[in-house]
Each structure stands twice: as C-alpha cells, then as structure tokens.
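Contents: one structure, followed by commentary.
Every number here is computed from the coordinates shown, using simple stated rules; none is lab data. These numbers come from a predicted model, not from an experiment. Note that we place each Cβ from the backbone using ideal geometry, even for glycine, and neighbour counts take in every protein chain shown.
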Amino acid sequence: MKTKLLLASLLSLAAFSAACQRDVETRTTGVSNSPNNPNTAPAAARQMEQTQAAGQELARDMNDYAFAQRATYTSQMQAQVDELKRNIDDMSERIDNSSAAVKAEARPRLETLRTQADALQKQVDATKDATTGTWNTVKADSQRAFTSLQQSLADARQWVSEKTRS
C-alpha cells in the first residue's frame, strides 16, 4: 500500500514538474506549448521521455527499497519458520501419544510436513543471498513455500484433531 502511494505521489510530482517546466519554457522562449503549435511536438516527446525515465527510476527505487528491507524480511521469515517447525514437533508428540493405527497413518503426513519445512528453510536461506535482480523472485518463492506449509500444517492439525479425539 505504501509503495502504491509512493508511486502515485512521484508520478504526480513528475507530471506537475513537467507542466511547470512547460510554463517556464513558454515565458522564457515565447514559444507556446499548445497542441496547435508545430514546435510543441519535440517538447512533448522530450516530456514523455522524461516522464517514462522518472517512472523507470521510481520502479528501480521501489525495488531497491524492498531489497533494502531484506534483512528484516529474512529474520521475520526465519522466526515464522521456527514457529512452524515447533508446531510440527508438537503435533508429532501428540501423535506419539496416540494409537498405533494413528501413528502409522500420521507418519507419512509428518514426513511431508518436515519435507515442506526443509524446502521453506532453503527458500529463506536463499533470501539471505538474493541480489537486487533476484530479490522479487526469491521473495515470492519463499512466500509461496510459507503459505503452502502453513496450509498443510492447518490441514494436518485438523486431521490429528479428528483422529485423536477420545
């Protein structure tokens, strides 16, 4: 949300400054920038190029800003991974106190959860080594892996709850 607001503000500022520049050019050169003036086309093209360049620079700045937050993002993701792993361990203990049939049925589910947790850990580790060029992809991959593990864990909790009711 903040990035959208920042983007909108900067684009508005670029458009406003271009309009002010056009007014200054008219006063200093005596050449009107009206659409009917044949000398306006080069100025309009130049203005369009400046606006596009400003938009591209803003996009780079926004990506750099997000990349600059990499350490914070990584530490928060690591904390969430650690919490999910603790939840898997707690679920494993609950299953260990269940019947042999539940244990046998739960074993592959727990292995799947642990495999997903290991994959998520690798994704979080990859965020530590991400470059500005790979940041958005690495971040999206880690978020996808996190969401997938979170959903799998919720499903497993539901299953364990149903199987261990006394």
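Can you list the HN-Hα couplings for segment 112-128, worked out from phi with the Karplus curve (6.51, -1.76, 1.60; θ = phi - 60°), rounded to whole Hz and with x for Gly and Pro?
Each residue's phi maps through the Karplus curve to give 4, 4, 5, 5, 5, 5, 5, 5, 5, 4, 5, 5, 5, 4, 5, 5, 5 Hz.
Could you run the Karplus curve 6.51 cos²θ - 1.76 cosθ + 1.60 with θ = phi - 60° over segment 71-80 and give me ³J(HN,Hα) per residue in whole Hz, x for Gly and Pro?
With the stated coefficients, segment 71-80 comes to 4, 5, 4, 4, 5, 5, 5, 4, 4, 5 Hz.
What list of ³J(HN,Hα) couplings, whole Hz, do you get for segment 140-146 from phi and the Karplus terms 6.51, -1.76, 1.60, once you set θ to phi - 60° and write x for glycine and proline?
In residue order, the calculated couplings are 5, 4, 5, 5, 5, 5, 5 Hz.
Around residue 145, what is the net charge, scoring Lys/Arg as +1 and Asp/Glu as -1 over all other residues with Cβ under 14 Å from its Cβ? Before the final figure, lay out each step's value.
Details: positive: 85, 114, 122, 139, 144; negative: 118, 125, 141.
Charge balance near residue 145 sits at +2.
Within segment 92-129, list the residues whose amide N lies under 17 Å from a label point set 7 Å along Cα→Cβ of residue 158.
109-110, 113
Say R0 is 30 Å: what FRET efficiency, to the nearest 0.05, do residue 105 and residue 144 get from their beta-carbon distance? Intermediate results must be reported in sequence, preceding the final value.
On the way: r = 28 Å, r/R0 = 0.93.
For R0 = 30 Å, the calculated efficiency reads 0.60.
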